[in-house]
Amino acid sequence: MPKADRWSSDEEEIVLLSLLPKPISHLDEGTYGVVWKARDNATQEIVAIKQIKFDSDMTKEGFPISALREIGVLLSLSHESIVSVREMVVGSTPDKVFMVMDCFEMDLQAAMKKGPGASTPFAQSEVKYMMRQILSAMAHVTSIARKYEHPARNMTQMVVTLWYRAPELLFSESCYGPEIDTWSIGCIFGELLIKEAILKGTGELDQIQKIFKLLGTPTDDEYWEQLWSKQGSTFKWKNNDSDLARTFAVNSFSATGQSYLSPDGFDLLSRLLSLNPKKRITAEDALRHSYFSCGVTEQVPMFYV
Amino acid sequence: MGYHEKQQLWWNFSMAELGSLFRKEQSTYRYKIHPEWHHSISIHWRHKICDWCYEFIDHYNFDREVVGVAIYYFDRYISSQTSCEGVHTKDKFQIIAVTSLFLAIKLHSMSENSLVESRSQALARLLYDHVDPQEIYEMEMNILVLLDWRLNPPTLHQFAINFSQLHPLGDCCSTTTSYLYEATRYQVELAIFSPELLATFTSSVIAYAALKNAEEKITVDNPHILTPDMNQSFEALMTDPTMTMTLDSTAVARCQLSLKRLCPQLPGLDEFSDTDTDDRDIQPDYYVQEDTPDPASISPLNVAYY
């Protein structure tokens, strides 16, 4: 069992397991707990320590289920682009449980909004670097985690933050797989290019409308015809043509604040944002796309250096 | 999505998942049960605990896989406690068993929306119908720490469903496919009652041996269903280099024999209908007792009552 005095802050010892009332360095407060920044006295490395939140509602069912599942998934993954749980630490009382994780200065959203060079678009080489990281991490998750239940089972559609939720989930498709995540990566790709979320729906219906406005209504698409007919849907969606090419300019140094996008890059973006999940590119195939093998060389983003 | 497309999707999922299960079995979840562990708990007591877990899970209509997970936690905890005094009491076993089931339900009953409400009820019942809830909270933390927070073992059920899904009988007809899975599942559920079996063979070997026994039974009942080509193609698939490991055929043969001792007579193919998937149709003999009330009508309140 790790000892209480193993972690300290830069200024003074932080006795984590007896929890000082005043946080030394408070990084963030997530859904499941407060994150602290600390120094590992054994290795001198800076680490992030997340204290699992024990609300009174949660403790009725013992150790919080959400935290158990998060710990389980993170412990089963091992990838340079995925934050790793180094160890779990239990304090003097059962409600003091900590996840010791790698520490990062900021998340991607903070890097876009507040990092160095936040006022200008990312360079194409930087976008490419981040996209490779995200896709290779997703390829690893797909190969390792048992996130995707057997398709025979009916699964909930209430997964993924709304703005990044694949269209088939919005239409109650309960038989899904890793393609819902590659859709989310397509949304992130677009967001990296313009430094703003590309599909900011205010509700599920609005989200669907925004998706169809950007990518066109799926007409003459076997998948969508089958899904709608299975649901007995008689609702007619307004026919839109895809607006993707107008939204994301190719080979253009425009003043609109968008990162430079090569034709290869646009092709990858449209394959990630394929409305038909069966035609959506997989993370593994995306990594083999010419976007990564041709054109400018990848470069570590400025905020990361 | 058409039938064949769905079949292909299942096949792809099963191949990927089986590869992942093999990797887990050989790495993170590779462990040896303490050789002396079975002396620390009466086999009779462990049997009762398994029995109670199945009854509890059936009552709330959870997936029976949860019992396999709970017993995995239970065995690992007991196995590590052989030198500890105080664990050899009925009360202690009860707290470990209840907490193992409590933890397994929390982690493995999440995928289906309809079970969310049942889960709360089941957890409350486990907490308040046995001992002081505080004791369960404390035991939960002990188990989490002892298992090093590794709570997702590759289960017998996961292997059983994926082996069945990849079997060429899947293209044959739905009754035989369902039979293959149900007969395999039936045997692996029985295997959970046998600590020797779990200690001797890996989960993949047990599930595969159970599937081979089910195959044999299908062949005995109707020699024309399972062709030599089907057999060969399945064997070839299991030794495919992408499968990351091959199953030890000697171990599989030994395990088949052990399973046959545990379950001398599998239900016949002609007694099976895939339209009726009620679990109670394929339960071990000791569940079926004439003078016992319908298990669904009573709640299995306390493991100590057994």
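Read-outs throughout are calculated quantities, based only on the coordinates presented, and are distinct from any laboratory measurement. Just so it is clear, the model here is predicted, and its values are computed rather than measured. Note that each Cβ is placed from the backbone with ideal geometry, even for glycine, and that neighbours are counted across all protein chains shown.
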Taking A:K210, A:K236, A:K37 and counting other C-beta atoms within 10 Å, the order from fewest to most: A:K236, A:K210, A:K37
Explain nothing, just the number: dipole magnitude of region B:167-229 about its Cα centre with +1 on each Lys and Arg Cβ and -1 on each Asp and Glu Cβ, in debye rounded to the nearest 20. 100 debye
Calculated FRET value between A:T256 and A:E204, using beta carbons and R₀ = 41 Å, to 0.05: 0.90
Cβ-Cβ cut-off under 9 Å around B:F102, Lys and Arg +1, Asp and Glu -1: the net charge is -1
Once you list every other residue whose beta carbon is under 12 Å from the beta carbon of B:S249, what net charge do they have if Lys and Arg are +1 and Asp and Glu are -1? 0
For a quick check of your reading of the filter: which chymotrypsin sites (Phe, Trp or Tyr not before Pro) in region A:77-143 sit in a DSSP loop and have no more than 16 other Cβ atoms within 10 Å? A:F104
The set of residues whose placed amide H lies less than 5 Å from the amide H of A:D102, leaving out same-chain residues fewer than 5 positions away, is A:A48, A:S84, A:R86
For the pair B:R261/A:S174, report the inter-label distance in nm, with labels modelled 7 Å from Cα in the Cβ direction. 4.3 nm
What is the average number of partner chain Cβ atoms found within 10 Å of a Cβ in A:169-180? 1
Please report, in debye to the nearest 20, how large the charge dipole of region A:108-304 is about its Cα centre when each Lys and Arg carries +1 at its beta carbon and each Asp and Glu carries -1 there. 380 debye
Kindly state, to the nearest 0.05, the FRET efficiency for A:N239 paired with A:A118, given R0 = 51 Å and r defined as their beta-carbon distance. 0.85
Restricting region A:213-258 to chymotrypsin sites (Phe, Trp or Tyr not before Pro) in coil, as DSSP defines it, with at most 16 other Cβ within 10 Å: A:F235, A:W237, A:F253
Farthest positive-ward along region A:108-304 dipole, Cα basis, beta-carbon charges - from A:Q258, A:G117, A:I180: A:G117
Can you check what the net charge comes to around B:L259, using other residues whose Cβ is under 13 Å from the Cβ of B:L259 (Lys, Arg +1; Asp, Glu -1)? +2
Give a residue-ordered list of calculated ³J(HN,Hα) values for region A:212-224 (Karplus: 6.51 cos²θ - 1.76 cosθ + 1.60, θ = phi - 60°; whole Hz; x for Gly, Pro). 5, 5, 6, 10, x, 7, x, 9, 6, 10, 4, 4, 6
